[in-house]
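Undergrad: Handing you this structure, nothing more for now.
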Amino acid sequence: MNKALRKAVIAGNWKMNKTPSEAKALITELKPLVANADCDVVICVPYVDLQVALEETAGSNIHVGAENCHWAESGAFTGEVAAPMLKEMGVEYVVIGHSERRQYFGETDDTVRDRTRAALDNGLKVILCVGETLEQREKNITFETIAIQTKIALTGVSEAELDNVIIAYEPVWAIGTGKTATDEQANEVNHFIRTLIADLYSKEAADKFVVQYGGSMNAGNAEGLVAQEDIDGGLIGGASLKPADFAKIVEAASK
Ligand code: 13P
């Protein structure tokens, strides 16, 4: 497995934070701080911030993503947003299957698969989130959990389509808790995900496949995490709302 074959992706997940005017201010501050990044920089923002994010990042090296999309092309789904809507706006990435959606909004492995399908069919790049709960880790079923989530989400996804998929390993117990997986714990699961990709597709596909880590990644611990062989960047919540901290993580991934 060759880390040099992969370009790290540092993606912010703003979650339900920042009004459009606050988003504009944050991006204005962030832009110069990450202008020399040697990794891909993405901000995934609330739907209502997408327009301003696209305008403010135009001509910069910051890519814009949404935090979810529906599985249908259109229809009677009040309150939802469809992949073609995001595509037409110019949105490039979409987070699918975040644990907060699984935990609070009834997201299942099947709906994650369907949303992934819709995103890929509409030319969006998917940041697919997988991760075990504390209970699952303590019951020693971390790998089984990750395998089930990954296999179901990728059902029907071809090897060519895999170019537009990133997996973010986000242990649920490490999200927003300040508890980070150790470098070794994170790398162990990221490596497992890569071997799954090799089994499901090919070693070639696995070698170039980007697997991020997410869960309390910050300016202080990012360097150790992203230096791991199988950790190709991160999906960052809290620290992505602080431009200087997010820029430090981008810098760590650029080394
Ligand atoms: P925190 O970085 O706030 O722990 O959130 C991680 C996350 O859920 C990113 O998607």
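Undergrad: Report, by residue number, each residue of the range 214-225 that is within 18 Å of Cys129 (Cβ to Cβ) and away from the ligand (no atom under 11 Å from the Cβ).
TA: Leu225
Undergrad: Something else: When the range 181-194 is examined, which residues are found to be out of contact with any helix residue (DSSP H, G or I) (no Cβ under 7 Å at 6 or more places or on another chain) and surrounded by 19 or more Cβ atoms within 10 Å (Cβ to Cβ)?
TA: Asn187, Asn190 - these are the residues of the range 181-194 that are out of contact with any helix residue (DSSP H, G or I) (no Cβ under 7 Å at 6 or more places or on another chain) and surrounded by 19 or more Cβ atoms within 10 Å (Cβ to Cβ).
Undergrad: Also, I was wondering about something else. Check whether at least one residue in the range 18-26 is touching a residue at least 60 places away in the same chain (Cβ under 8 Å), within 16 Å of the ligand (Cβ to nearest atom) and at positive phi, and report yes or no.
TA: Yes, there is a match, as at least one residue in the range 18-26 is touching a residue at least 60 places away in the same chain (Cβ under 8 Å), within 16 Å of the ligand (Cβ to nearest atom) and at positive phi.
Undergrad: In the range 86-129, which residues are aromatic (Phe, Trp, Tyr) and farther than 22 Å from Asn190 by Cα?
TA: Those that are aromatic (Phe, Trp, Tyr) and farther than 22 Å from Asn190 by Cα: Tyr104, Phe105.
Undergrad: For the range 54-68, which positions are out of contact with any Leu (no Cβ under 6 Å at 6 or more places or on another chain) and closer than 22 Å to Glu170 by Cβ?
TA: Matches in the range 54-68: Ile62, His63, Gly65, Glu67, Asn68.
Undergrad: Another question about this same structure. Quick one: in the range 186-226, of everything that is polar (S, T, N, Q) and touching a residue at least 12 places away in the same chain (Cβ under 8 Å), which residue is farthest from His98 (Cα to Cα)?
TA: By that ranking, first place goes to Ser202.
Undergrad: A further question on this structure: When you scan the range 195-210, do you find a residue that is hydroxyl-bearing (Ser, Thr, Tyr), within 12 Å of the ligand (Cβ to nearest atom) and either crowded, with 18+ Cβ neighbours inside 10 Å or over 22 Å from Ala66 (Cβ atoms) (or both), even just one?
TA: no
Undergrad: Kindly check whether there is at least one residue in the range 235-255 that is more than 12 Å from the ligand (Cβ to nearest atom), of a type outside the set (A, V, I, L, M), modelled with pLDDT under 95 and surrounded by fewer than 22 Cβ atoms within 10 Å (Cβ to Cβ).
TA: yes
Undergrad: Among Glu29, Glu92, Glu67, Glu100, which is in contact with a Pro (Cβ under 8 Å, 6 or more places away or on another chain) and within 24 Å of Gly131 (Cβ to Cβ)?
TA: After applying the criteria, what remains is Glu67.
Undergrad: State which residue pairs qualify: first residue over 18 Å from Glu144 (Cα atoms) and of a type in the set (Val, Ile, Thr) and inside the range 168-184, second residue within 10 Å of the ligand (Cβ to nearest atom) and part of a strand (DSSP E or B) in any location, beta carbons under 9 Å apart, and separation of 6 or more residues or different chains.
TA: Cβ pairs passing all conditions: Ile175/Gly214; Thr180/Tyr213.
The values are calculated or read from the model by the stated rules, or taken from the named source; none is laboratory data. Worth saying up front: this structure is predicted, and the values here are computed from it rather than measured. Positions of Cβ are generated from backbone atoms using ideal geometry, with glycine treated the same way; all protein chains shown enter the neighbour counts.
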